[in-house]
């Protein structure tokens, strides 16, 4: 803004921007505001719509095909709930709150890949001799999109906490690192059949498998390629979401 000119900080679309918003460049000591209730309502609507598409198929065919998508969608909601907890705990000044914040953040990182994982369920699409191909295609894409939206809102909430504590540049490095790790996590889930619960259920087996791939990257070039390509797509999509949902004030 020009000298002496005030900047209007009303609600700008997706977020209610405060003076401390990590993306407005001011970085004061107060917490940045999070997504509005409208965002959560939209995510709930998207989840209901996706579920109804599968329900319609089940009723029509009397078969439980694609019901697993609903379970995967529930898993995709977990990181969003944990990110809300992280965002809320960040404003509480106590030792217990700090411990709870770290635990929620660790759990969030473990469950975050479940959100973009829904994209890979497109592999289940049966094309040949499928009279409901159009419905299956729409349903699978609906779940994929909803999973991405849940993941991106979740990541944005945690990124705001990191930005408040470490600064804007560090928050973007954090977001890029999370997306990279998440892409690798999607590979582990889709092709190695590990899931988030295995962090507690079989940590040694999971660690051994991951360590073998990390220590021998040339022997697992396909893992590196998959993770890099998926991470590039997710980061690009996340940047697009950020550019669409945040607009600088036009008064300045």
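The values are calculated or read from the model by the stated rules, or taken from the named source; none is laboratory data. Note that this is a predicted model, so its numbers are computed, not measured. Virtual Cβ from ideal backbone geometry, glycine too; neighbours counted across all protein chains shown.
Any idea which residue in the stretch 116-127 is nearest to the chain's Cα centre (by Cα), counting only those that are assigned to a helix (DSSP H, G or I) and surrounded by 14 or more Cβ atoms within 10 Å (Cβ to Cβ)? Walk me through how you get there before you give the answer.
Quick first cut of the stretch 116-127, residues assigned to a helix (DSSP H, G or I) only: 116-124.
If we keep only those that are surrounded by 14 or more Cβ atoms within 10 Å (Cβ to Cβ) too, we end up with 116-121.
On the way: 116: 7, 117: 10, 118: 11, 119: 12, 120: 14, 121: 16 Å.
So the residue we want is 116.
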Exercise for review: Could you please find all residues in the stretch 163-183 being buried (at least 20 other Cβ atoms within 10 Å of the Cβ) and either farther than 17 Å from residue 83 by Cα or without any contact (Cβ under 8 Å) to a residue 40 or more places away in the chain (or both)?
Suggested key: 183
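Residues are listed down the side, and each one gets a yes or a no for (1) within 14 Å of the chain's Cα centre (by Cα); (2) under 28 Å from residue 37 (Cα atoms); (3) at pLDDT 95 or above:
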site	(1), (2), (3)
71	no, yes, yes
77	yes, yes, yes
81	yes, yes, yes
92	no, yes, no
106	no, yes, yes
114	yes, yes, yes
129	no, no, no
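From the residues in the stretch 22-42 that are crowded, with 18+ Cβ neighbours inside 10 Å and touching a helix residue (DSSP H, G or I) at 6+ places or on another chain (Cβ under 8 Å), which one is modelled with the highest pLDDT?
35
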Check your understanding: How do the pairs read when you match residues in the stretch 131-150 that are closer than 9 Å to residue 50 by Cβ with residues anywhere that are at pLDDT below 95 and surrounded by 17 or more Cβ atoms within 10 Å (Cβ to Cβ), using Cβ under 6 Å and keeping only pairs 6 or more apart or on different chains?
Key -> none
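Looking at 157, 137, 173, 133 in this structure, which one is at pLDDT 95 or above and in contact with a helix residue (DSSP H, G or I) (Cβ under 7 Å, 6 or more places away or on another chain)? Spell out the reasoning first.
On the way: 137 fails: in contact with a helix residue (DSSP H, G or I) (Cβ under 7 Å, 6 or more places away or on another chain); 173 fails: in contact with a helix residue (DSSP H, G or I) (Cβ under 7 Å, 6 or more places away or on another chain); 133 fails: in contact with a helix residue (DSSP H, G or I) (Cβ under 7 Å, 6 or more places away or on another chain).
157 is the lone residue from the list that is at pLDDT 95 or above and in contact with a helix residue (DSSP H, G or I) (Cβ under 7 Å, 6 or more places away or on another chain).
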